[in-house]
Amino acid sequence: MQNLRGKTAFVTGEASGIGLALGQAFAQAGMRVMLADIETDALAKAVEKMRGFGSDVRGVACDVSDPVAVEYAAKETYASFGNVHVVCNNAGVAGGSGIDDISLDTWRWVLDVNVMGVLHGIRTFLPQIRSHGEGGHFVNTASMAGLNSGMGLSPYSASKFAVVNMSEGLAKQIAPLGIGVTIVCPGFVRTRISDSARNRQQRYGKLHIDPASPAGKHVARQAELAQAGIDPADVAAQTLRAIQENELYVFTNAGREWRDELCERFDRVLAAVDAAAARRSNNKRQVDF
Ligand SMILES: NC(=O)c1ccc[n+]([C@@H]2O[C@H](COP(=O)([O-])OP(=O)(O)OC[C@H]3O[C@@H](n4cnc5c(N)ncnc54)[C@H](O)[C@@H]3O)[C@@H](O)[C@H]2O)c1
């Protein structure tokens, strides 16, 4: 989607970090923007700040894990701006450590926001974008943790693998309709992600991680890395370009280290595929013989 001016964007997780930077970039590009977030005070401040760019920017309270709330936010957007063109399913939370040293509630919280939240955004907006025929683009925020399981945050990684996979499937499905998909895979970005528990809904109970436990130390290390990460504005600029160029992946922190980790995983997978193929052909030769 080359020309963004005058088009409408809907962005979730907009009151902070990457979402805030995306909203700002869209407003500066002359788009109308609907900001959707669970954190209403921060949302109100974001709306006020972005109105300063001279674009029509509005906000709607929305918990992306709730399909009814996303449906409501979509109706508010259509009522305010008419057709929607760019949907950024960006809201996300980081939580957990290993497979079994965290509660099932923590697993549910992370999967409900990070996976179901993205799914709700796609299912809610796709019919309208498909029917108005003016083209459109979905931006789903995944992570390098969606391609590499070695980062030690199991539910987070599982959720981001799901976002990558779901988005790749979506891209194939909707490319013939002229609707694009971009999967944003950041490394570490300087945001409030390590303080995600501030938005944990009551139904999942309190998040408690003992800071002295291995899980607690791991989470603290992740927080340090995020604070040493890149600027969210950098992620937003790369994402804007990807929408305009219709690129499927954005690897915002791409570098040797990330590449080596990906190679290690893909090499292991391909080696197993080759070994299985060799075994099958040996077996076949034995049967033929
Ligand atoms: N910061 C990083 O290092 C990093 C790296 C890779 C991927 N990401 C991803 O980037 C996205 C944005 O995170 P961020 O780093 O800007 O963190 P952030 O905490 O600064 O922003 C996340 C936003 O999502 C909102 N949010 C949380 N739960 C919500 C819910 N249920 N419904 C609606 N909004 C909700 C928060 O209020 C906040 O405004 C997330 O999907 C995250 O997983 C971040």
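The values are calculated or read from the model by the stated rules, or taken from the named source; none is laboratory data. All figures in this text were calculated on a predicted structure; none of them were measured in a lab. Counting neighbours? That spans all protein chains shown, and the Cβs are built from the backbone with ideal geometry, glycine included. Accessible surface areas use protein heavy atoms only, side chains included; no ligands, DNA or RNA. Shrake-Rupley method; radii C 1.70, N 1.55, O 1.52, S 1.80 Å.
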* To do: Just give me the residues in region 247-264 being small (Gly, Ala, Ser) and either open to solvent by less than 40 Å² (accessible area, probe 1.4 Å) or farther than 13 Å from PRO186 by Cα (or both), in sequence order.
  => GLY255
* Starting from region 10-28, take each residue that is farther than 18 Å from VAL250 by Cβ and list its partners that are within 6 Å of the ligand (Cβ to nearest atom) and assigned to a loop (DSSP other than H, G, I, E, B), counting only C-beta distances under 6 angstrom and pairs at least six apart or across chains. => ALA15/GLU39; SER16/ARG192
* Asked: Just to be sure, is LEU170 loosely packed, with under 15 Cβ neighbours inside 10 Å, over 14 Å from SER97 (Cα atoms) and in contact (Cβ under 8 Å) with a residue 24 or more places away in the chain?
  -> no
* **region 155-197 - residue that is in contact with a Lys or Arg (Cβ under 9 Å, 6 or more places away or on another chain), modelled with pLDDT of 95 or more and part of a helix (DSSP H, G or I) and, of those, nearest to ALA233 (Cα to Cα)** => ILE174
* Asked: Out of the residues in region 18-46 that are surrounded by fewer than 21 Cβ atoms within 10 Å (Cβ to Cβ) and in a helix (DSSP H, G or I), which is farthest from the ligand (Cβ to nearest atom)?
  -> GLN28
* Across region 223-237, what is the total count of residues that are near the ligand (Cβ under 10 Å from one of its atoms), under 18 Å from the mean Cα position of the chain (by Cα) and either on the phi > 0 side of the Ramachandran plot or of a type outside the set (Gly, Ala, Ser) (or both)? -> 3
